[in-house]
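First comes the structure, then the notes that go with it.
The values are calculated or read from the model by the stated rules, or taken from the named source; none is laboratory data. Bear in mind the structure is a predicted one, so any value in this text is a computation, not a measurement. Here the Cβ positions follow ideal geometry from the backbone for every residue, glycine too, while neighbour counts run over all protein chains shown. When the accessible area is computed, the model is the full protein with side chains, heavy atoms only, and any ligands, DNA or RNA have been set aside. Shrake-Rupley method; radii C 1.70, N 1.55, O 1.52, S 1.80 Å.
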Amino acid sequence: MEMTLRHLSHFVAVAEEGSFTRASERLGVVQSAVSATVRSLERELDVELFERSTQRVALSDAGQVLLPEARSTLAAAAAARDAIDQVRGGLRGTLTIGTMQALRAVDVPGLLVAFNREHPHVELRVLHAKGGSLELAERLRHGELDVAFLSLPERRPPGLEVRVLAEESVELACPRDHPLATRTGVELAELADETFIDSPAGWGTRIANDAAFARAGIRRTVMLEVDDVPDLLAMVRAGLGVALFPPSLAGAREGLGLVPIRRFAPTFEISVATPTIRRPSAAARALLDVLSRSARPTRAGSEAPARSPRRPR
């Protein structure tokens, strides 16, 4: 038996899904066929690629070594197909896009409509990540995503090309009846004793907030972490605590007070990222081209451009 792209694609699907059942659903083939293909690959390589149990399927040491090479091989094959498709007059294949929850500063649905109008034969997949922007960055680096819209205001993971699309100052979100709700501005030092609700570590908002308090030399206590934007704001409205939040993500503001931070205000950046460790697919490059023709760098929520795109820090 010779190793084929089918063997590698089935192996990668099982590795990424952590399940033969979910891999078969993703690939659109029966589970027995996926299992047989992986077993055939293991016999060819004379190794066990997965540690199997009744509860889970996990990569073995050999599987962890093979995974990045398999992704690289599949990406090269996809690039070859892209080149042929362009000669034949149209892009095909799948474009997998990662994005943050409740993103409003960048019109991702509008972008995808424009992209689909120009490239109707490309299948689009849009994914969120519970682990926030850091998880999106890792999935992008590992080949699970082609493009990601994320927020990494204080750090730039290696292996990524990051272009800032918009930025805004984070504000204090509190219940309408909170003593600070009617203020025109507030210092971070005044918030040291407040009970905070925040997103988990790894989310762009949490990274920006933690960095701002560190720069100001102020300690705060996050009593509640919430990995869902509407739920976080609902808890603020209910009076469980206050939050530092980008106004563009707040949506409906009934029951909320939004107060600007006077000094050391956290900055929330929205960026588009692609990997540098491999050449973006033709579909990814086409999406970036549509984006460059439609997007202007802005202060989030404003209509006028704030500045030209800057190079990643």
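Select, from A76, A36, the only residue that is modelled with pLDDT under 90 and over 20 Å from E138 (Cβ atoms).
Just one listed residue meets the conditions, A76.
Quick check on the stretch 167-189. Is at least one of its residues more than 20 Å from G241 (Cα to Cα) and either within 14 Å of the chain's Cα centre (by Cα) or without any contact (Cβ under 8 Å) to a residue 24 or more places away in the chain (or both)?
no
Does any residue of the stretch 202-214 turn out to be on the phi > 0 side of the Ramachandran plot and either out of contact with any helix residue (DSSP H, G or I) (no Cβ under 8 Å at 6 or more places or on another chain) or open to solvent by less than 50 Å² (accessible area, probe 1.4 Å) (or both)?
Checked against the condition, which is being on the phi > 0 side of the Ramachandran plot and either out of contact with any helix residue (DSSP H, G or I) (no Cβ under 8 Å at 6 or more places or on another chain) or open to solvent by less than 50 Å² (accessible area, probe 1.4 Å) (or both), the stretch 202-214 yields at least one hit.
In the stretch 45-61, what count of residues is obtained for those that are over 16 Å from M3 (Cα atoms) and not polar (S, T, N, Q)?
Residues flagged as over 16 Å from M3 (Cα atoms) and not polar (S, T, N, Q) within the stretch 45-61 amount to 8.
Check the stretch 107-123 and report whether any residue there is in contact with a Gly (Cβ under 8 Å, 6 or more places away or on another chain) and part of a helix (DSSP H, G or I).
There is no residue in the stretch 107-123 that is in contact with a Gly (Cβ under 8 Å, 6 or more places away or on another chain) and part of a helix (DSSP H, G or I).
Can you tell me which residue is nearest to S19 (Cα to Cα) among those in the stretch 39-62 that are at pLDDT 90 or above and among the aliphatic types (A, V, I, L, M)?
It comes out as A58.
May I ask you to list pairs of residues, at least six apart or on different chains, whose Cβ atoms are under 8 Å apart, with the first in the stretch 145-162 being without any contact (Cβ under 8 Å) to a residue 24 or more places away in the chain and the second being open to solvent by 40 Å² or more (accessible area, probe 1.4 Å) and among the acidic types (D, E)?
From residues that are without any contact (Cβ under 8 Å) to a residue 24 or more places away in the chain, the pairs are P157/E138.
Can you find a residue that is touching a His at 6+ places or on another chain (Cβ under 9 Å) and more than 30 Å from I207 (Cα to Cα) anywhere in the stretch 54-66?
Checking the stretch 54-66: not a single residue is touching a His at 6+ places or on another chain (Cβ under 9 Å) and more than 30 Å from I207 (Cα to Cα).
Cβ-Cβ distance below 6 Å, separation of 6 or more or different chains: which pairs start in the stretch 55-83 with a residue that is within 13 Å of R278 (Cβ to Cβ) and without any contact (Cβ under 8 Å) to a residue 12 or more places away in the chain and end on one that is open to solvent by 50 Å² or more (accessible area, probe 1.4 Å) and among the basic types (K, R)?
none
Just give me the residues in the stretch 142-164 being open to solvent by 10 Å² or more (accessible area, probe 1.4 Å) and of a type in the set (A, V, I, L, M, F, W, C), in sequence order.
L160
Spot the failing condition for A137; the list is (1) in a strand (DSSP E or B); (2) surrounded by 15 or more Cβ atoms within 10 Å (Cβ to Cβ), and only one is missed.
Against the list (1) in a strand (DSSP E or B); (2) surrounded by 15 or more Cβ atoms within 10 Å (Cβ to Cβ), A137 comes up short only on (1).
Here are the criteria: (1) over 24 Å from F115 (Cα atoms); (2) out of contact with any Asp or Glu (no Cβ under 9 Å at 6 or more places or on another chain). Tell me which single one V222 does not satisfy.
Failed condition: (2).
Kindly state which helices (runs of 4 or more DSSP H) lie completely within the stretch 204-280 and contain at least 1 residues that are among the acidic types (D, E) and more than 15 Å from A173 (Cα to Cα). Explain how you work it out, then say what you get.
On the way: elements: 204-216, 229-237, 247-250.
The qualifying helices (runs of 4 or more DSSP H) are 204-216.
Out of the residues in the stretch 118-144 that are out of contact with any strand residue (DSSP E or B) (no Cβ under 7 Å at 6 or more places or on another chain), in contact (Cβ under 8 Å) with a residue 60 or more places away in the chain and of a type outside the set (D, E, K, R), state the one that is nearest to R71 (Cα to Cα).
Looking at the filtered set, the residue picked out is G143.
Restricting the search to the stretch 222-270, which residues are farther than 16 Å from A102 by Cβ, of a type in the set (A, V, I, L, M), surrounded by 14 or more Cβ atoms within 10 Å (Cβ to Cβ) and touching a residue at least 40 places away in the same chain (Cβ under 8 Å)?
Correct list: L240, V242, V259, I261, A265.
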